[in-house]
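These notes are about the structure you will find just below.
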């Protein structure tokens, strides 16, 4: 079937949100950890983390300032520091629960049953239960006028992960870490590798990589 | 193990690219179809499409102007029109092959064996073999100074999909469409649904949705 712009606009808002959120394809599932200047922590699931570049090593994410997760964006503005932690199979339900609208003075860590992990000289909490954890430093912010969202760009300061997930060539195996994927607003998926393909060149058949 | 900023910088460039590209988590896999003002077509796999908002219905993606897929960005600038097509199980190898650096006057459609689908009054080609196809209109562009990439925001003008993948509540089932997920630069994954979870509220247990 085919829906056009006018059909989309006339959908009931919650139905439209579930539908349009399905259309980008599978999403990453990450937990963003922050603290304010008093050390009060915040934890928010974010499905919009994308790779921006590897030199410098940059990740971007989209935040909606006037909805959840408001505290997270305020803390990043205050301190310039945050963490990004993969959502693994063991913790996807707790991760989803962080999207509830808790009062500002409540830490989602306690409410959902995840554990703060503090590292020396880093003023944002990591998620202990997460297999792949990054310490981030805020670098650039863009206001997206079209709908009032904010693009937040940060540089990776540290990456903590089990060495056995790492291949010689740099590939980190997200199935070994049991990282999950998200679709729409509420559906979590495990993955099953099809194959890793060689670097594509014109007029050369692709080969399957063994790693 | 833990790598810090200086460790990352000192990695060999290809190894660093495979590694940093793993860190955002699973990515969407989409084919972006465009044409120039002479109707010459271009097709490029893009792993950075993200949901930006549902009212208006917006998708964003990140493009590297000085590398692949250069023709795609030029065509979008020229015409303001493009398509986003899900990469399905049946076509992920052809989709990967579009990342090869073909000369400007060569259409990736022919080279990789995918079929152009033209719709009335729309000047960019869809991918016939793709299950979920969107017609897009360019809306806003942001130059990301930090590494010279461009954030391209477009509004969904049309969505074409098999009706049986669509739930009453708006959710579109990306496993029925056999949409694939990507990790790092070269690895394709099928998914297996864990569960759909209810809208999270403080102090209320999550329930599993039946859809």
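The values are calculated or read from the model by the stated rules, or taken from the named source; none is laboratory data. Computed from a predicted model, the values in this text were never measured in an experiment. Glycine also receives a Cβ, built like all others from the backbone with ideal geometry; neighbour counts cover every protein chain displayed.
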Output the residues belonging to the stretch B:124-141 that are more than 9 Å from chain A (Cβ to nearest Cβ) and within 18 Å of residue B:73 (Cβ to Cβ).
B:124, B:125, B:136, B:138, B:141
Matching residues in the stretch A:142-160 - criterion: being in contact with a helix residue (DSSP H, G or I) (Cβ under 9 Å, 6 or more places away or on another chain) and either without any contact (Cβ under 8 Å) to a residue 60 or more places away in the chain or at the interface with chain B (Cβ under 7 Å from one of its Cβ atoms) (or both)
A:156, A:157, A:158, A:159
Cβ-Cβ distance below 7 Å, separation of 6 or more or different chains: which pairs start in the stretch A:93-106 with a residue that is more than 8 Å from every other protein chain (Cβ to nearest Cβ) and end on one that is crowded, with 21+ Cβ neighbours inside 10 Å?
A:94/A:112; A:94/A:114; A:95/A:29; A:95/A:31; A:95/A:45; A:95/A:87; A:104/A:71
Quick check on my filter: what residues within the stretch B:107-135 are touching a residue at least 60 places away in the same chain (Cβ under 8 Å) and more than 24 Å from residue A:5 (Cβ to Cβ)?
B:107, B:108, B:109, B:112, B:114
Only residues that are within 24 Å of residue B:122 (Cα to Cα) and out of contact with any helix residue (DSSP H, G or I) (no Cβ under 6 Å at 6 or more places or on another chain): list them for the stretch B:81-100, please.
B:81, B:83, B:84, B:85, B:86, B:88, B:91, B:95
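Quick test for you: out of A:38, A:51, A:86, pick the one residue that is more than 7 Å from chain B (Cβ to nearest Cβ) and more than 20 Å from residue B:174 (Cα to Cα). First the steps, then the outcome.
Details: A:51 fails: more than 7 Å from chain B (Cβ to nearest Cβ); A:86 fails: more than 7 Å from chain B (Cβ to nearest Cβ).
A:38 is the lone residue from the list that is more than 7 Å from chain B (Cβ to nearest Cβ) and more than 20 Å from residue B:174 (Cα to Cα).
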Could you grab the pairs with beta carbons closer than 6 Å, sequence gap of 6+ or different chains, first residue in the stretch A:185-211 and more than 7 Å from chain B (Cβ to nearest Cβ), second one surrounded by fewer than 13 Cβ atoms within 10 Å (Cβ to Cβ)?
A:198/A:207
I want to confirm something. Restricting to the stretch B:1-11 and keeping residues that are assigned to a helix (DSSP H, G or I) and either touching a residue at least 24 places away in the same chain (Cβ under 8 Å) or more than 7 Å from every other protein chain (Cβ to nearest Cβ) (or both), which single residue is nearest to residue A:58 (Cα to Cα)?
B:9
For residue B:138, indicate whether it is more than 19 Å from the chain's Cα centre (by Cα) and in contact (Cβ under 8 Å) with a residue 40 or more places away in the chain.
no
Number of the exception - residue B:163 against (1) over 26 Å from residue B:136 (Cα atoms); (2) without any contact (Cβ under 8 Å) to a residue 12 or more places away in the chain
(1)
Counting only residues in the stretch A:19-30 that are in contact with a strand residue (DSSP E or B) (Cβ under 6 Å, 6 or more places away or on another chain) and in a strand (DSSP E or B), the one surrounded by the fewest Cβ atoms within 10 Å (Cβ to Cβ) is identified as A:27
Select from the stretch B:123-134 the residues that are out of contact with any helix residue (DSSP H, G or I) (no Cβ under 8 Å at 6 or more places or on another chain) and buried (at least 18 other Cβ atoms within 10 Å of the Cβ) and write down the one among them that is farthest from residue B:158 (Cα to Cα).
B:126
Quick check on residue A:192: is it part of a loop (DSSP other than H, G, I, E, B), more than 19 Å from the chain's Cα centre (by Cα) and at pLDDT 95 or above?
no
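Restricting to the stretch B:162-179, give me the number of residues that are facing another protein chain (nearest Cβ under 7 Å) and in a loop (DSSP other than H, G, I, E, B).
The qualifying residues number 4.
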With within 11 Å of another protein chain (Cβ to nearest Cβ), farther than 19 Å from residue B:146 by Cβ and at pLDDT 95 or above as the only criterion, which of A:14, A:64 stands out?
A:14
